[in-house]
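Inspection log for the structure reproduced underneath, given as structure tokens.
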């Protein structure tokens, strides 16, 4: 038997399949350079090749693929936002998500669970109703549900009135989903590489210079690169990178922590979120509860974990799911979130020509991966921002037009 | 970071404080809108040593913290008058 196995092993006809094509050497010039090999950057590279025929593209990543916030989020996908600009943008992302696994040929474990945003106060009920109305107006599946329906949708939830913050109702968003975040990055990376895009890991940008002819010179720890266009997609380090090219951003870098429990018997179908209690939780396919909370209370560039976070989160988790009192936390981690003053992203052109920015993704970036990649690709290819991302341009701040304020007046156009 | 040395109340648990962001120079009332937008919205957001406004919530006391945002180390805390006096001194020394 061992001999047969050995023979099988050395036979040439059973070659292993490489998931990624072999890496190519780093060249000194590309049409487009994307800084940041996370979901957003890789998606942008993929759509540049697929939709615009631009494959002379390099993605530079200082660590390894998806080593930043792509692998640190809690993988929730939804489009029930409050501002029409936001809701329309994320709804387009949902449309792309639904066919993504088939298109990329990788199992994203995209799982539509339904998304419940719990309301514990009259004010939260009002906001939920407002959100549901905005959503329905835009064709997004979203409604306010009361306690009776909530008991059917999520029987495990503690609906007792004898707790600190009794649940009064919830905003219900049936298409709310979770997905396997690493696979999203791998799928986009392979798709892009198959079209000729080069991905260079362990390549850190150390300086950026905008030249008179409109091209951009990048200094990296592996030599300098000349680029026709540059797309920056480095969530968590956005301000530091933009500073290299003289751009100041409306961003504070704040850690966002999350954790998972040990694997438990499947009991939680929907994704449960509570704004008042600062909780979001879903159960992964292997039974772990994936839990997140509020961002840390002050800006920081360190991805350390704190006991304050787990303690605070669990106090509230146990109000909603008291039977978890003996469950153990398995892992805890942090990512650095780009927090903007209006809780909307910063995407589009910058004061530097041919330098495009994709930043300010705070705590809401993962779900936008497909639509963001597609829009940034269009921007880099044509030099014009698509309508969907126009409201999010950096310049909105110098016009005092934050997206939260514009929401009521301009319905997405 | 667990303990912050408040200039008024002494060492207290970090949870008693809020961070209100970088110490910035407020523009003059008739400054251009760009200058105001910069003051209100834009941030240096430095990875490294920064000076920030912090408040001890229970006593509503505002003061300045110098800390390192890369390592989470608090380097010093100052009463506001003390901080701005030392700033003026450094500026004076620079211009000489």
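Rule-based calculations on the coordinates, nothing more; no lab input. Bear in mind the structure is a predicted one, so any value in this text is a computation, not a measurement. In this analysis, Cβ positions are derived from the backbone assuming ideal geometry, glycine residues included, and neighbour counts consider all displayed protein chains.
When a/c reaches 1.5 or more, the comparison of a/b and b/c decides; with that in mind, is chain A rounded, prolate or oblate per its Cα gyration tensor? Before the final figure, lay out the partial values.
On the way: a/c = 1.84, a/b = 1.27, b/c = 1.45.
The shape class here is oblate.
With 0.36 nm allotted per residue and the present C-alpha distance subtracted, the residue A:67-residue A:29 stretch has 11.2 nm of extension available. Cβ-Cβ distance of residue A:382 and residue B:9, R₀ of 60 Å, FRET efficiency by 1/(1 + (r/R0)^6): the value works out to about 0.55.
So for each of A:175-188, A:323-336 I average, over its residues, the number of other beta carbons within 10 Å; can you give me the resulting order with the highest mean first? Please report the intermediate quantities before stating the final value.
On the way: A:175-188: 22.7, A:323-336: 14.2.
So the peptides A:175-188, A:323-336, ranked by packing, come out A:175-188, A:323-336.
Normalising the average separation of contacting C-alpha pairs (under 8 angstrom, six or more residues apart) by the number of residues puts the relative contact order of chain B at 25 percent.
If we sort A:211-223, A:9-21 on the protection proxy, mean other Cβ atoms within 10 Å, highest first, what's the order?
Numbers: A:211-223: 13.5, A:9-21: 7.8.
Result, highest mean first: A:211-223, A:9-21.
If you fit an axis through the alpha-carbon atoms of helix A:84-104 and take the longest principal axis of the Cα set of chain A, what angle between them do you get, 0 to 90°, nearest 10? Approximately 70 degrees, to the nearest 10. The mean number of partner chain beta-carbon atoms within 10 angstrom of a residue's beta-carbon across peptide B:9-20 is 2.
Distance from the Cα centroid of segment A:1-58 to that of segment A:124-175 is 44 Å (rounded to whole angstrom).
What does the average come to when, for each residue of peptide A:294-300, you count the partner chain Cβ atoms lying within 10 Å of its Cβ? Intermediate values should be presented prior to the final figure.
Details: counts 0, 0, 3, 6, 13, 11, 9.
Per residue, the average neighbour count from other chains is 6.
Relative to the longest principal axis of the Cα atoms of chain A, the long axis of helix A:369-382 makes an angle of roughly 40 degrees. Computed from label points 7 Å out along Cα-Cβ, the spacing between residue A:98 and residue A:278 is 3.6 nm. Out of all DSSP beta bridges with both ends in the protein assembly as shown, state the antiparallel percent to the nearest 5. Percent antiparallel among DSSP bridges in the protein assembly as shown is about 75.
In degrees, nearest 10, range 0 to 90: what is the angle between the Cα axis of helix A:39-52 and the longest Cα principal axis of chain A? In chain A, helix A:39-52 runs at an angle near 60 degrees to the longest axis.
Run lengths n ≥ 4 of DSSP H only: what is the helix-derived mean residue ellipticity at 222 nm for chain A, with -39500 (n - 2.57) per run over all residues, to the nearest 500? Can you show the working numbers first?
On the way: 10 runs with 120 residues, N = 413.
After summing the helix terms and dividing by residue count, I get -9000 deg cm²/dmol.
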